[in-house]
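Reviewing the structure listed below.
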């Protein structure tokens, strides 16, 4: 309870500063879908060193898939990947990807029960309630503080300079869920957490909302009329994510200020505006940013300027 009260106090203080026009700009690192194999492991370490060398990085958000889908899901490999990412000196925040637990049922990954692996993944990667990991952990609010969703330690929320940030556990399914009730519960938790982030933003008059998840709702995207001519079904809601589109549209439109959804999944660096309302109108204040992914090992420097109308800017950081 004490940690939660401190979180609320910091939110109120920062929101007041933002409202007074005193919010400071800051930046953080966005990356994901790495490293998948030994071929990129050393380069990933060099990326960590590059991030650590930039002393102004407030935190690191990893968009999930800390390993390849066919890589081992053993305890040893989980610990190895955790230790690797603890090399980051700033606070480290991770939203799980499908490779991190869902694909552990693959024979090549060990043929595990995926839900047992998810429970163990949570134990390793979210060891301290109320805090991120990394070299300098920071306090966060976790959805697990709510008794209704007590297992969702991975869903975190925090606020800085009047901007609300949240990690949301959302992965896309390529085959039917082995446990439909687990899928429904995960989607219910994600829905509640997204709604909570926007509620916090409205309560504090936040200047922006930044959501981070693994699943990319828009694998193929382009001007709708032109895209549908080439592929009639390409813009249809992605299977298992049908619930997400109206939620994002409704919440973004009601908020009315800059909203960013950061995703991994398809490994294509892009910044665009793919969200349309039920009336097929572009949701102009919503932006999707997708991070680099295997085999590319690069990262994005996100500049946050709370007092500017755009709030978020994205600068690609390429490694040789």
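FRET efficiency for residue 147 and residue 296, Cβ-Cβ distance as r, R0 = 30 Å, nearest 0.05?
0.15
Taking 30 Å as R0, compute the FRET efficiency from the Cβ-Cβ separation of residue 84 and residue 191 and round it to 0.05.
About 0.40, to the nearest 0.05.
Out of the DSSP beta bridges found with both residues in the chain, what percent are antiparallel (nearest 5)? Please list the in-between numbers first.
On the way: 24 of 45 bridges.
The antiparallel fraction comes to roughly 55 percent.
Give me 144, 207 sorted ascending by neighbouring Cβ count inside 10 Å, so fewest comes first.
144, 207
Can you compute the FRET efficiency between residue 123 and residue 174 using 1/(1 + (r/R0)^6), with r the Cβ-Cβ distance and R0 = 45 Å? Round to the nearest 0.05.
0.95
Could you give the alpha-carbon Rg of the range 37-82 over 2.2 N^0.38 Å, rounded to two decimals?
Working: Rg = 12.5 Å, N = 46, 2.2 N^0.38 = 9.4 Å.
Its radius of gyration relative to the 2.2 N^0.38 Å reference: 1.32.
Gap in Å between the Cα centre of the range 43-102 and the Cα centre of the range 204-226?
23 Å
Beyond 27 Å, what share of the Cα-Cα pairs of the range 180-320 is found? Please give it as a whole percent.
On the way: 2379 of 9870 pairs.
For the range 180-320, the fraction of Cα-Cα distances above 27 Å is 24 percent.
Rounded to the nearest 5, what % of the DSSP beta bridges within the range 203-320 are antiparallel ones?
Details: 10 of 19 bridges.
Around 55 percent antiparallel, to the nearest 5.
What Kirkwood radius, in Å to one decimal, follows from the Cα pairs of the range 52-188?
It is 15.6 Å.
Do the sum for the chain: with -39,500 (n - 2.57) for every DSSP H run of n ≥ 4, divided by all residues, what is the mean residue ellipticity at 222 nm, to the nearest 500 deg cm²/dmol?
-10000 deg cm²/dmol
When the Kirkwood radius is taken over all Cα pairs of the range 2-317, what Stokes-Einstein diffusion coefficient follows at 25 °C and 0.890 mPa s, in µm²/s?
For the chosen part, D equals 124 µm²/s.
Packing-wise, with mean Cβ within 10 Å as the measure, how do 171-178, 274-281 rank, highest first?
Top of the packing list down: 171-178, 274-281.
Using 7 Å Cα-to-Cβ label points, what is the residue 225/residue 183 separation (nm, one decimal)?
For the pair residue 225/residue 183, the computed spacing is 3.6 nm.
Coordinate-derived values only; no laboratory data. Treat the numbers as computed from the prediction; the structure is a model and nothing was measured. No Cβ is skipped: glycine too gets one built from the backbone with ideal geometry, and neighbour counts run over all protein chains shown.
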